[in-house]
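Note sheet for the following structure.
Taken together, the values in this text are just the output of simple stated rules run on the coordinates, not laboratory data. Just so it is clear, the model here is predicted, and its values are computed rather than measured. Because the Cβ atoms are built from the backbone with ideal geometry, glycine has one as well, and the counts that use them run over all protein chains shown.
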Amino acid sequence: MTNRTPGHGRAAAPKQKNRKARLFVKTFLLTLAVCAAALVVAGGVFLATIKPPEVPALAAAVTESTAAPPDATVTPVNNDPAFLPPEGNEEDKAVGGGLTAPAGFTDSDRKDSFYTFVIVGLDGGINTDTIMVASYDAANKQASIISIPRDSLVDVKRNVKKINAAYPAGTLNGGGQQGGIAQLKREIKTIIGFTPDYYVCIDLDAFVKIIDAVGGVDVDVPFAMKYDDPDQNLHIDLQAGFQHLDGLNAMGFARFRKGDNGVNTVTDYQRIDNQQTVIKAVLGKLLTPASIAKIPQFITIFSENVTTDLTAQNMLWFANQIKDIQGTDALSTYTMPTTGTSGPPSYYEYLDKPAILDLVNRTINPFTKDITGSDVDIVGG
């Protein structure tokens with residue numbers, strides 16, 4: 001796996017003491033790998049009937065959700081302002097100009113067999129701990145993932161103008177999970193110029209369960225990581241060095257932000273690097289024959305903790321594709337470039353427009369035409 005993190009500016013500023021740490025979830029790749037193992041067991045007999053997914057036609061707008069109102073029991077996990085449900089604003093439903101692609105782009109501008117996804121890690125029901133945009137180029141057998149810092153400033157009317165507030169705003173003011181996904185897609189479009197084709201949401205519990213199911217992972221911990229937060233039931237106690245981690249400790253490694261009493265800290269970008277280290281280890285385990293016998297367990301974990309608009313046949317097709325990717329060399333991971341932070345009290349991350357356009361056009365752009373500055377709405381400091 002290559003790990004490319006183009007100029008992302010200054011290190012992220014320290015967050016408030018009780019702020020919940022970001023959770024690593026790379027569901028899309030885990031799903032493909034699990035399904036690939038299942039196909040190996042099946043001998044590929046069923047593959048002849050599986051057709052490539054259809055690329056969704058460009059729509060005039062991301063429609064309002066018709067889902068039932070959100071569950072009244074879904075509440076923030078604590079009183080941290082970053083996790084309080086942001087005040088909704090009806091105008092934000094028009095973010096992105098009501099389009100799913102840049103103005104003037106048509107379905108004929110789409111690349112052949114090129115698919116895009118938004119991958120969301122949920123912590124506490126409505127909190128988007130991790131936001132990523134991924135692409136899979138079936139023609140060239142290449143996959144890319146761009147992690148979007150959750151504090152990224154977006155051009156919206158609501159009080160909390162961070163990208164990670166999009167999902168809870170849509171959920172609480174737009175009709176449950178589908179409303180949250182729709183709003184998140186709208187705001188992602190303002191950053192990358194288009195809305196991804198599909199979505200995958202995964203909950204925290206799946207992370208620990210999947211790591212344990214593959215028998216743990218080997219990770220080189222750069223320094224001692226110790227952090228205790230009883231309110232979150234979060235207890236991290238890792239020693240420095242190369243070691244074997246079970247699911248709970250791997251989660252601690254991925255979530256670690258700042259040690260007790262401020263000893264040993266990592267930036268948001270370093271934490272993303274740690275998360276990407278874990279996904280490489282997990283993917284390597286899932287692609288081994290030893291995981292085949294555990295397919296029913298993986299399927300159960302997936303069904304209990306993951307929601308997606310990919311159909312079963314979609315996932316089978318993508319799973320078959322991953323068998324053609326040798327190891328993880330064809331997977332590239334990136335972090336959305338930023339120029340710095342606003343500092344207190346909000347700690348917004350300012351996005352780097354020129355660098356983002358370059359990155360998007362080199363990696364996840366599903367169109368034959370480049371996305372330009374006029375196709376995005378990126379606000380800087």
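Here is how the numbers come out for the structure above:
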{"read-out": "Sequence ranges 355-362, 236-243, 332-339, 217-224, ranked by mean other-Cβ count within 10 angstrom, highest first", "value": "332-339, 355-362, 217-224, 236-243"}
{"read-out": "Kirkwood Rh, angstrom, the range 100-182 [1 / mean 1/r, Cα pairs]", "value": "14.5 Å"}
